[in-house]
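Inspection log for the structure reproduced underneath, given as structure tokens.
The values are calculated or read from the model by the stated rules, or taken from the named source; none is laboratory data. Here the structure is a predicted model, which means the values were calculated and not measured. As a convention, Cβ positions derive from the backbone with ideal geometry for all residues, glycine included, and neighbour counts pool all protein chains shown. Ligands, DNA and RNA are excluded from the accessible area calculation, which covers all protein heavy atoms including side chains. Shrake-Rupley method; radii C 1.70, N 1.55, O 1.52, S 1.80 Å.
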Amino acid sequence: MNRKIILNTSEVVTCSGFEAKYGSEMSDIGVIKNGAIVIEEGIIKDVDKESKILEKYNKEEYFIIDAGGNSVIPGFVDSHTHFVFGGYREEEFSWRLRGDSYMDIMNRGGGIVSTVKSTKAATLSELVTSGKNRLDSMLKLGVTTVEGKSGYGLDLDTEIKQLKAMKEINKSHSMDVAVTFLGPHALPQEYKGKENEFIDFQIQEVLPKVVEENLAEFADIFCEKNVFDIEQSRRFLKKAKEMGLKLKIHADEIVQLGGAELAAELEAVSADHLLQVSEQGIDDMISKKVISTLLPSTAFCLKEKYADGRKMIDKGCAVALATDLNPGSSFTNSIPLIISLAALYMNLSPEEIISALTINGAAALDRAATVGSIDPGKKADILILDYPSYKFLPYHVGVNIVKIVIKDGKITLIN
Ligand code: NIG
Ligand code: FE
């Protein structure tokens, strides 16, 4: 039997719970001073004060992991990324620095569509290799579960290739990957002015294949002015739901279209971005328990105003934070950057940020029952930090303070 005990912690931050934390619950992160964690076969068996754990368990029978007097927290869940793609868009970043907007670049045939060309040109094994390399660097930052989207294919074969790459990576990489089908991510040139026909194509040709081959757990769409409107988004997402996929939506990012309201209407698991969300949208999401996934590095890179996470939490939302890693709007996997921006520009507390990156990230992937907190029965996805308090996460600005990553009960990485 594979047994371990984590001892000599300053604190164990459990984030305890099996569902999302809403509003003020996000401040309750369940700190156990001098806590200890018992792990058996990769699953958390017990968590309590060290003195109690040592009374209950004979430590001679366990492999001991010494936390060195440091803080221990759940592994991070990055619940919104586009980590599988071909090529890069460094020129576009320079154009944006000169003042071109993200949507202008997209509308003149750059942006997402240019990554589509490079992704079409890449082989499945190239996508698997580059995707795994990206996950390697995310693991160093403490990410133990990640979500990844397709959407750089737009045609049947490339979408399937991207989804297969994620399925393959999920099998061969220690990180858990939740896969999202984002077929309607942009309009290909050949469909110019024919958005409805493109949605028909996605519904009739791509979606059935994705479902038949069991290639995705979630469906998503870029609901935005000059991309796909509310009616097109409703049509696509409704069909995806009927076919058994759970829903996400890129909503109210640049223009307020009512994406959050649509997410609530369709009982999506999450609505993401939300920079321009309406009051009604926030209220609807709360009443339908839709997670608000906020992506501060995208606002930072696009020089947009940040989503009002403070207001959302004060009103009672469950907020998750994620990187949105992609080659365009947010080419970063930096969890430390997300933490800094959320603290300094979105006015979230250290406790709220930790909930947003752990249990609420897990809830945004419908995985709050199995990951996202240090609770008996959950996967032993655990981080040992370099400092004795979780409060160093925002305080040590922009720096990775993860020392040891334990994934499925194994010491997977030491920084
Ligand atoms: O979440 N907004 C749309 N999709 C991505 C950007 C993808 C890209 O620029 O390649 C996002 O920001
Ligand atoms: Fe995105």
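Quick check on the chain: what are the equivalent-ellipsoid semi-axes from the Cα gyration tensor, as sqrt(5λ), descending, whole Å? If you can, show how the numbers build up before the last one.
On the way: eigenvalues 261, 97, 77 Å².
Value: 36, 22, 20 Å, ordered largest first.
Surface composition of the chain: carbon plus sulfur atoms hold 50% of the accessible area, using a 1.4 angstrom probe and ignoring ligands, DNA and RNA.
For Thr323, the amide hydrogen comes within under 5 Å of the amide hydrogens of Ser79, His80, counting only partners 5 or more places away or on other chains and with H modelled in the peptide plane. Taking Ser79, Ser373, Ser329 in turn, the Gaussian network model of the chain (Cα-Cα springs below 10 Å) assigns the largest fluctuation to Ser329.
Charging the Cβ of each Asp and Glu at -1 and of each Lys and Arg at +1, and nothing else, the dipole of the chain about its Cα centre rounds to 660 debye. Can you give me the C-alpha center-to-center distance between region 130-149 and region 355-415, rounded to a whole angstrom? If we compute the Cα centre of each part, the gap is 13 Å. Split the chain at each of the chymotrypsin sites (Phe, Trp or Tyr not before Pro) in a DSSP loop with at most 15 other beta carbon atoms within 10 Å, and the longest piece is 89-344.
Cross-link reach is defined here as a Cα-Cα straight distance under 27 Å, omitting same-chain residues fewer than 8 places apart; for Lys239 the lysines meeting it are Lys120, Lys149, Lys161, Lys164, Lys167, Lys192, Lys194, Lys209, Lys225, Lys248, Lys288, Lys289.
Ignoring lysines fewer than eight residues from Lys59 along the same chain, the ones with Cα atoms less than 23 angstrom from its Cα are Lys4, Lys33, Lys45, Lys49, Lys378, Lys379, Lys407, Lys410. For Val84, nonlocal amide neighbours, meaning residues 5 or more places apart or on other chains whose placed amide H falls under 5 Å from its own, are Lys149. Give me the base-10 log of I(q)/I(0) for region 193-316 at each q in 0.13, 0.18 Å⁻¹, Debye formula, one uniform scatterer per Cα, rounded to two decimals. Cα-only, vacuum Debye calculation for region 193-316: -0.51, -0.92.
What share of Cα pairs, in percent, lie more than 26 angstrom apart in region 2-143?
Values: 5173 of 10011 pairs.
Distances greater than 26 Å cover 52 percent of the Cα pairs.
How much length is gained on full extension from Asn226 to Glu60, taking 0.36 nm per residue of separation minus their Cα-Cα distance?
Numbers: separation 166, 0.36 × 166 = 59.76 nm, distance 6.39 nm.
Using 0.36 nm per residue and subtracting the Cα-Cα distance, I get 53.4 nm.
Springs join every pair of Cα atoms under 10 Å in this Gaussian network model of the chain, and among Ala343, Ala369, Ala121 the largest mean-square fluctuation is at Ala121.
Ignoring everything except DSSP H segments at least 4 long, calculate the 222 nm mean residue ellipticity for the chain; use -39,500 (n - 2.57) per segment, divide by total residues, nearest 500.
Working: 17 runs with 149 residues, N = 415.
It lands at -10000 deg cm²/dmol.
For the pair Ser137 and Asn347, what calculated FRET efficiency results from E = 1/(1 + (r/R0)^6), where r is the Cβ-Cβ distance and R0 = 25 Å, to the nearest 0.05? Each step should come with its number before you reach the end.
Details: r = 29 Å, r/R0 = 1.15.
The calculated FRET efficiency here is 0.30.
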